[in-house]
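The values are calculated or read from the model by the stated rules, or taken from the named source; none is laboratory data. As the structure is a prediction and not an experimental result, all values here were calculated from the model. Cβ: placed from backbone, ideal geometry, glycine included. Neighbour counts: every protein chain shown.
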């Protein structure tokens, strides 16, 4: 495993995904998951799910899917390395 991969995996385990996403998306708890409007596609229904205990988000409207690093990459329009650095210092 490369240093980059190890750093990314460590972030998956240490960053509470629902807290990260809730900085930009209004999330509502639904069992173990959190649901809200997708920040990437402009859906009008709550089709964006954050599944923190498994470490991913998924939009059933546009198909956007990923982990904490992916969320930062797409929401801030930055590279993977920049997202990792951002999360490590946040």
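Report whether or not residue 46 is surrounded by 13 or more Cβ atoms within 10 Å (Cβ to Cβ), free of Cβ contacts under 8 Å to residues at least 60 places away in the same chain, within 14 Å of the chain's Cα centre (by Cα) and on the phi < 0 side of the Ramachandran plot.
Numbers: surrounded by 13 or more Cβ atoms within 10 Å (Cβ to Cβ): yes; free of Cβ contacts under 8 Å to residues at least 60 places away in the same chain: yes; within 14 Å of the chain's Cα centre (by Cα): no; on the phi < 0 side of the Ramachandran plot: yes.
Criteria not met by residue 46.
With the requirement that a residue be touching a strand residue (DSSP E or B) at 6+ places or on another chain (Cβ under 8 Å) and part of a loop (DSSP other than H, G, I, E, B), what does the stretch 52-90 give you?
Selection gives 60, 61, 64, 67.
Going by what's in this entry, would residue 8 be described as assigned to a helix (DSSP H, G or I) and either without any contact (Cβ under 8 Å) to a residue 24 or more places away in the chain or surrounded by 14 or more Cβ atoms within 10 Å (Cβ to Cβ) (or both)?
On the way: assigned to a helix (DSSP H, G or I): yes; either without any contact (Cβ under 8 Å) to a residue 24 or more places away in the chain or surrounded by 14 or more Cβ atoms within 10 Å (Cβ to Cβ) (or both): yes.
Yes.
Among the residues of the stretch 1-28, count how many are over 12 Å from residue 68 (Cβ atoms) and out of contact with any strand residue (DSSP E or B) (no Cβ under 8 Å at 6 or more places or on another chain). Full working, then the answer.
So in the stretch 1-28, the residues over 12 Å from residue 68 (Cβ atoms) come out as 1-6, 22, 24-28.
Keeping just the survivors that are out of contact with any strand residue (DSSP E or B) (no Cβ under 8 Å at 6 or more places or on another chain) gives 1-6, 24.
The total comes to 7.
Residues being under 9 Å from the mean Cα position of the chain (by Cα) and surrounded by 13 or more Cβ atoms within 10 Å (Cβ to Cβ): count how many of those fall in the stretch 56-72. Working first, answer last.
Step one: of the stretch 56-72, the residues under 9 Å from the mean Cα position of the chain (by Cα) are 56-58, 65-72.
Retained after the next criterion (residues that are surrounded by 13 or more Cβ atoms within 10 Å (Cβ to Cβ)): 56-58, 66-72.
Going through the stretch 56-72 one residue at a time, the tally reaches 10.
How many of the residues in the stretch 24-39 are at pLDDT 95 or above, surrounded by fewer than 16 Cβ atoms within 10 Å (Cβ to Cβ) and not in a strand (DSSP E or B)?
Counting residues in the stretch 24-39 that are at pLDDT 95 or above, surrounded by fewer than 16 Cβ atoms within 10 Å (Cβ to Cβ) and not in a strand (DSSP E or B) gives 1.
With (1) within 13 Å of the chain's Cα centre (by Cα); (2) surrounded by 17 or more Cβ atoms within 10 Å (Cβ to Cβ); (3) at pLDDT below 95 as the list, and residue 53 as the residue in question, which single condition is left unmet?
Residue 53 satisfies all of (1) within 13 Å of the chain's Cα centre (by Cα); (2) surrounded by 17 or more Cβ atoms within 10 Å (Cβ to Cβ); (3) at pLDDT below 95 except (2).
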